[in-house]
Structure formats: C-alpha cells, structure tokens
Amino acid sequence: MKLNLIVRKRIAVLFLIMAGFLFLLGARLVWIQVVQGDLLQQKAMHNRLREVRVEAKRGVIYDRNGKELAISVSTDSVGAFPSQVKRSGRAEEIARELAAILEMSEKDVYERITKNASFVWIKRKIGFELGPKIKALNLPGIEVYEESQRYYPNDSLAAHVLGFAGIDNQGLEGLEKKYDEELRGDAGRIIIEFDAVGREIPQATHQYIPPTDGNSIVLTIDETIQYIVERELDLLMEGPHQPKSAAVIVMDPRNGDILALSSRPTFNPNLYNQFPQSHWRNVNVSNAYEPGSTFKILIAAAALEEKVVSLEDRFYDPGYIKVGKERIKCWRSGNPHGSQSFLEGIENSCNPVFVEAGLRLEEKQKNLMYRYLRAFGLGEPTGVDLFGEAKGIMIPENELRTINLATISIGQGIAVTPLQLVSAVSASVNGGYLIKPRLVKEIRNNDGEAVQTFEPEVVRQVISQETSRQVVLALERVVSNGTGRNAYIPGYRVGGKTGTAQIAGPGGYQQGKYVASFMGVAPVNDPRLVALVVVEEPQGIYYGGTVAAPIFKKVVEDSLHYLGVPPQYNKEELEKEEQAEKEEVVVPDVTNIDPEQAKNALGAVGLVAAFQGQGQVVVDQTPKGLAKAKKGSRVLLHLGTSDAGAPEVMVPDLTGNRIREAADLVEALGLKLKPNGTAGKAVEQDPIPGTLVLPGTSIIVTFQEEEPASPVLGP
C-alpha cells in the first residue's frame, strides 16, 4: 500500500513536470508564433533575400533655351555574390579573368569576390564595351548591372556653374550639390532570394523595384553666350598676357539673369578627379578682390543721387589730393588733368575727383557712403544658388577713418566678389533697382511640367531712374572719349569703366602685381547686357583698358548679334561695316576631322585654328560652321575622341570663291571639287552648304565671270 502511494506520488510529480514543460513549450511557441511572429518572419526574409541598390537617373540640367548641359547616361557595373563564388571553387580563375578585362590587379579582384559579405561591387561605371564580355564568360556569382552615370556633353563648358556628381550620383559641387535633393530622385532595388547555404533559388523571389528619376532644372545660362565667354577666356590664357587667372560674368540687368559665368583655370566635370581642387573653385562668387576704378561707378551713382555733385561741377586735379597727412596720387600724376567737370573726371577716371566726391558724401551725413554701398548689396552675399559665396570685406563702420573713405572712393581698401560688383552696377544702370542674381529659372518633373518657378526678385530701389540715366550716359562718354575706347562696338552705344588695381598682400600692396578689369553695359539707351571682365596678374601690359576692355568688346558684340539686338550705325560706322563685311568669310565646319586637316581647312579661307583639349579629332568649334568671321580671326577647336563610325563632313559655303580657293578648301576637308566652268567665282553648288556627306564626296560647283556693269547713258 505504502509502495503504491510512493509510485503514485512519483507519477504525479512526473506528470506535473511534464505538464509544466509542455506549458512552457506552449507558451514559448505562442511567444514565437504570435508575439514575435512578424519580427522573426522579417528576419528570415532578410536572411534569404539579397538587395542590390539601383540608383535613379539624375534630372537633366538645361540652359535657358532647353539645351542639355548635364545629363545621365546608362553604364555597366560589375558586382559579385561571394558565397556563390566560393562555392564554385573557381575563385582564383574568376579573379584572373575579371582582372584582365577590368584592368585591375588579380589580388584586388580576388579579395573582393571572396569577401565575407552578401554582395560586393568589383568595379563600377565601366561603360558598355566591357559588360558584354563579362556576361559572355558566364562566371558563377558575377553579375553585370546597368547603372546611371552623370555626363556633361560640353566637357568644361559652365563647369563652375554646374559642378559635378560623384560615382554614387551624389552632387559634390556647384548646382549639382545645391539642387542635389531635386536632381537625385529615389533609388530602386533588385531583390533576389537565396537558400540557407547561399544558393540562388530557381523561380523564387526576383523583384525589381524601379527607381524614380530626379527632377530637371532650367538655368538662366545661355549656352551660346557661355561659349562666347569661354572662347575669349581660352584665347586670353593662351595669348601674350599669360594671366594667373581670369573671370567673366554676363548678366541681363533687367531681371538679374546670369547669362554666362566662367573663369580660368577650369576643369572637366567628366574627369573632375584628374584636376587640382583649386581649379574647382568658382572665383566669381568665392574670391573677393579690390576692384579699383570699376568701383567708381557706385561712388558716382551715390554722389549724383545725393546731389553732392552734378555732372557739370568743376574740379581741379594737380596730380594728387591730400587727405589729412596722406597724399593720394592720380594715375596720371606726371601729367595732371587740371580743371575738369565731374563728367570729364569720370571719363578720365581721375582719382582726386572721386576722392572729393566720396568725402562730400561723408560731409553730408556720417556713414552715408556705406549706406549706399550696403544698399547696392555689398558686404553681404547676393544669395545666388551656389555654395561658398563670400560676402566681401568692408572695414567696420566704427573703425572708418577719413583716409579709408578716400581710398574706398577709388576702389581700394574694400573687397568685393565679381558677382557682387556686377549686381551692384546693374542696379546703377537699370533704373536703380537692385535685383537678386538668378541662375535657376524653374524645376521640372519627369513629364516636363514646371513644379517650381523662380521669378526675378527686386531687393530694393537704390537710386532714382534719373540718376541711373545720368550714370549710363557718363559711362558712355568713358567709352567714346575716355579710358574705355577699346570697348567701343560699332553700331551700339556702349558704356563702361576700366579698372587697374594693385593686389594687396602681406605688408601692403605687391609691387608689379595688378588686377586689370573692365565693367560695361550695352546698349546704354536700352541696357540688355552688363558684363565684367577680371584678369589677375597679366604679364607685360596690365591696364584694364588694354587687357580687359577688348575681351568685353568681343563678348558683348557677339552676344548682342546673337540676341538679335539691331545695330544703329552712323554714316561713318556704316561705311566701315560695309568694308568689314567684304573682309568676312564663312567659317567651314571642321568637326569630325583630324586637327591638321582642320587647321588646313581654316587656313584655306584665311582663319587661324586655336586648339583646346587633347584628342585625335575635332569634336566642337567656336564659331560654329557656316557662321561669318573676319579674315585672320581665331576659331577655337575642341579636341577629343569620336564614337562615330564613318565621320561625316559638313559641305562648306563656296559662294564667291574662285576655283583655286574652292579647291583648296574642299581638298582640306577631304572632299572633291567638280567644277562647272573654268573661270570666275562660285555662284551655285550641289550639295548645298550645311549638308552632311562622307569624305571623298564630289561637290559640283558652277563658276561664272562677273558681268561688267552696263554704262549709264544720259538723256
């Protein structure tokens, strides 16, 4: 009996233990299945699934006329699933074959494909030629994916505005960085399912979540005007002056639109990592410099607005002016200007005249000059859509002395950025309105619809329209009678101001180092363009009127013609223009041919070739083919590589050429001349100018002698 009781107790205890174990097991099961079910299911899926990120295509950056300045193109990238590579037992063989194709070290490839990771990139952005070769090898664990790569079709054109994007399509400089969020878009994913040992499961989850491409932006930059500016900058850097750096800004003073902005040295954003980082710097917004006499425009505007001077007021220049114990010389101190009106003082860029005008502002009201300079936007960033904008350097108002005011009146003792000065001078000539510089006009979605528009923004009115009119007319006299004669453009009323300033450095101004500049506006009767040219440390002659003014003339003249602003010639100008037209030639299109051939073709019509870049073929030229240029002009040829199979040649315009001249040009382009007639000038041709043909094509040209004019008989 007692034994049975013990057995029963043991059975009861065992039952309770088993019941407790089953209860705990059930509770654990409920905890896993119910409470943590979703979480564990997600972890299981994560262990089985591999994700490959697919970058979205960045939005296009357009110029104001819809021309593409930055685009995204498709390219191949090579990745590996190390578990599959190791399981195949062919890791060394795979590394050897990939290294040969990708031009990488075998050791580096081996380390990547055997890395302890679910997925690794071997090499990205390899183009389209290598991808098919790798696919054809059918290597286990190796995949070729299509990615997006940023491409700048015009190479260095507007590089400092556009900036560049990195290998992961992230904006790193310029507008690419400023508008990275809008341009980047949303990345997609490739999802592949594997088993527990890392083998891809046939017909399992293979999900492709497509990326959403980024928005596009439309700039105020005009590609053609930007080309004109960069052409002149390149010619300047290659010419006799050999400056340390140079910069040009062209703005529409009516709305603050920046039509062109460039500087040298520059870089190619497609190959940005091959250039020094100093070349990436946008000096037009990040560098402050002492502007010299171009700054006198603002002093004249303030003095005229406050009526402390009038254009007729008389001044006397003995070659210097004393300010306290200091003496400030006129640039022509050896031959003083003597008695002159304020208008003549502006023409002559006379330092004593502007010092006196500046001091009169201070006499009228303390810090009145500074109030106007700040009203013109100096001392603060303009707010343009670029990173790294400097605010300039101004002496604190509580530290100003009379001598400081005197030197500031002639553009020294104060530092501004080129963009600040262009913006301020635009306010002086557009009726008195300071307008925020604008680089971006609108943002568009993938359907081309505008999702955000940036309208011109008037900050404030600084001077009256009457004062603005007086400033413009005074600047016109500088070009017609004064120091800015080299900026004169036949047919257009041009105003401007030269500037030549010593460069400040440790211990004072540096001997023999200057900044030559020219600030101008055209036409003065209806301002369409304001342009600033800044040349740092030109060699030899360093005067702004000699170095910078001719560049302004070429840039603005070509830009006005391009914009269709009609010239208004006087009789003398008309005669000169008619004579100049007789000396003009039609520029042949020399793209897609080798440099030596292009040089000969241009030489056949009296033009000079100037080369930029490296390569075996001309990929672009400025001016374009079929444009007109004066004999002796330089044509800037951009060298590169061409992906085209059989390069086509544009048929030149042979009208007016004699047989020998036409033959030389046609032969230089790799074409053949088939003449109709034995003498005279070309009057007709087939194919017509501008037609694209293959090298060796015959051009049929009809030549005729000019008929003598019939005598006019009297009654």
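For (1) under 30 Å from Thr212 (Cα atoms); (2) crowded, with 19+ Cβ neighbours inside 10 Å; (3) over 20 Å from the mean Cα position of the chain (by Cα); (4) not small (Gly, Ala, Ser), each residue gets a yes or a no:
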position	(1), (2), (3), (4)
Glu397	no, no, yes, yes
Ile403	no, no, yes, yes
Ala406	no, yes, yes, no
Ile414	no, yes, yes, yes
Ala424	no, yes, yes, no
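Identify, from the list Ile142, Ile113, Ile126, the residue that is closer than 30 Å to Asp155 by Cα, outside the structural domain of Asp252 (by TED's automatic domain parsing) and surrounded by 16 or more Cβ atoms within 10 Å (Cβ to Cβ).
Matching residue, one of Ile142, Ile113, Ile126: Ile126.
If only one of Ile328, Ile321, Ile299 is closer than 25 Å to Thr467 by Cα, of a type outside the set (S, T, N, Q) and either crowded, with 18+ Cβ neighbours inside 10 Å or without any contact (Cβ under 8 Å) to a residue 60 or more places away in the chain (or both), which one is it?
Being closer than 25 Å to Thr467 by Cα, of a type outside the set (S, T, N, Q) and either crowded, with 18+ Cβ neighbours inside 10 Å or without any contact (Cβ under 8 Å) to a residue 60 or more places away in the chain (or both) holds for just one of Ile328, Ile321, Ile299, which is Ile299.
Of all residues in segment 164-185, count the ones that are over 23 Å from Ile126 (Cα atoms) and surrounded by fewer than 22 Cβ atoms within 10 Å (Cβ to Cβ).
Qualifying residue count for the region: 5.
When you go through (1) assigned to a loop (DSSP other than H, G, I, E, B); (2) touching a strand residue (DSSP E or B) at 6+ places or on another chain (Cβ under 9 Å); (3) under 27 Å from Arg660 (Cα atoms) one by one for Lys624, which number turns out not to apply?
(2)
Determine which single condition Ile463 fails, assuming it passes every other condition in (1) under 28 Å from the mean Cα position of the chain (by Cα); (2) crowded, with 22+ Cβ neighbours inside 10 Å; (3) among the β-branched types (Val, Ile, Thr); (4) assigned to a loop (DSSP other than H, G, I, E, B).
(1)
Residues being free of Cβ contacts under 8 Å to residues at least 24 places away in the same chain and either in contact with a Gly (Cβ under 9 Å, 6 or more places away or on another chain) or buried (at least 18 other Cβ atoms within 10 Å of the Cβ) (or both): count how many of those fall in segment 606-660.
Summing the residues that are free of Cβ contacts under 8 Å to residues at least 24 places away in the same chain and either in contact with a Gly (Cβ under 9 Å, 6 or more places away or on another chain) or buried (at least 18 other Cβ atoms within 10 Å of the Cβ) (or both) in segment 606-660 gives 0.
Residues Val308, Val285, Val323: which one is over 38 Å from the mean Cα position of the chain (by Cα), at pLDDT 95 or above and under 22 Å from Gln412 (Cα atoms)?
From the options Val308, Val285, Val323, the qualifying one is Val308.
Val635: more than 25 Å from Ile659 (Cα to Cα), within 26 Å of the chain's Cα centre (by Cα) and of a type in the set (A, V, I, L, M), yes or no?
Answer is no for this residue.
Which residues, counting only those in segment 391-408, are closer than 25 Å to Leu419 by Cα and assigned to a helix (DSSP H, G or I)?
Within segment 391-408, Glu397, Asn404, Leu405, Ala406, Thr407, Ile408 qualify.
When Pro695 is evaluated against the numbered criteria (1) modelled with pLDDT of 85 or more; (2) under 19 Å from Val608 (Cβ atoms); (3) not in a helix (DSSP H, G or I), which criterion, by number, is the only one it fails?
(2)
Conditions (1) at pLDDT below 80; (2) under 60 Å from the mean Cα position of the chain (by Cα); (3) crowded, with 17+ Cβ neighbours inside 10 Å; (4) not assigned by TED's automatic domain parsing to the domain that holds Ala136, marked per residue:
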| site | (1), (2), (3), (4) |
| --- | --- |
| Ile17 | no, no, no, yes |
| Val35 | yes, yes, no, yes |
| Ser77 | no, yes, yes, no |
| Glu92 | no, yes, no, no |
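Where the second residue is of a type in the set (S, T, N, Q) and in a helix (DSSP H, G or I) and the first is surrounded by fewer than 18 Cβ atoms within 10 Å (Cβ to Cβ) and lies in segment 535-559, which pairs have Cβ atoms under 6 Å and are six or more apart or on separate chains?
Listed pairs, sorted by first residue: Pro550/Asn486.
Yes or no, residue by residue, for (1) assigned to a loop (DSSP other than H, G, I, E, B); (2) closer than 30 Å to Ala679 by Cβ; (3) at pLDDT 85 or above:
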residue: Val565; (1), (2), (3): yes, no, yes
residue: Lys576; (1), (2), (3): no, no, no
residue: Val585; (1), (2), (3): no, yes, no
residue: Asp589; (1), (2), (3): yes, yes, yes
residue: Ala598; (1), (2), (3): no, yes, yes
residue: Phe611; (1), (2), (3): no, no, no
residue: Gly615; (1), (2), (3): yes, no, no
residue: Ala629; (1), (2), (3): no, yes, no
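From Lys497, Lys441, which residue is of a type outside the set (Asp, Glu), in contact with an Asp or Glu (Cβ under 9 Å, 6 or more places away or on another chain) and either in contact (Cβ under 8 Å) with a residue 60 or more places away in the chain or not assigned by TED's automatic domain parsing to the domain that holds Gly185 (or both)?
Every option except Lys441 fails the conditions.
Can you go through Phe275, Phe267 and tell me which one is surrounded by fewer than 22 Cβ atoms within 10 Å (Cβ to Cβ) and aromatic (Phe, Trp, Tyr)?
When all the criteria are applied, what remains is Phe275.
Among the candidates Ile393, Ile443, Ile410, which residue alone is surrounded by 24 or more Cβ atoms within 10 Å (Cβ to Cβ) and β-branched (Val, Ile, Thr)?
Ile410
Yes/no per residue for (1) crowded, with 24+ Cβ neighbours inside 10 Å; (2) assigned to a helix (DSSP H, G or I):
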| residue | (1), (2) |
| --- | --- |
| Thr483 | yes, no |
| Asn486 | no, yes |
| Pro490 | no, no |
| Arg493 | no, no |
| Gly496 | yes, no |
| Tyr509 | no, no |
| Lys513 | no, no |
| Ala516 | yes, no |
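Against the condition at pLDDT 95 or above and in a strand (DSSP E or B), how does Leu421 come out, does it pass?
The answer is no for Leu421.
Determine whether Ser262 is under 30 Å from Thr224 (Cα atoms), modelled with pLDDT of 90 or more, among the polar types (S, T, N, Q) and buried (at least 24 other Cβ atoms within 10 Å of the Cβ).
In short, yes.
With respect to the numbered conditions (1) touching a strand residue (DSSP E or B) at 6+ places or on another chain (Cβ under 9 Å); (2) under 21 Å from Ala427 (Cβ atoms), which one is the sole condition not fulfilled by Glu356?
The failed condition is (2).
Return the residues of segment 244-255 that are crowded, with 21+ Cβ neighbours inside 10 Å, closer than 23 Å to Ile541 by Cβ and not β-branched (Val, Ile, Thr); say none if nothing qualifies.
Ala246, Ala247
The values are calculated or read from the model by the stated rules, or taken from the named source; none is laboratory data. Worth saying up front: this structure is predicted, and the values here are computed from it rather than measured. For neighbour counting, all protein chains shown are included, and Cβ atoms are generated from backbone atoms with ideal geometry for every residue, glycine included.
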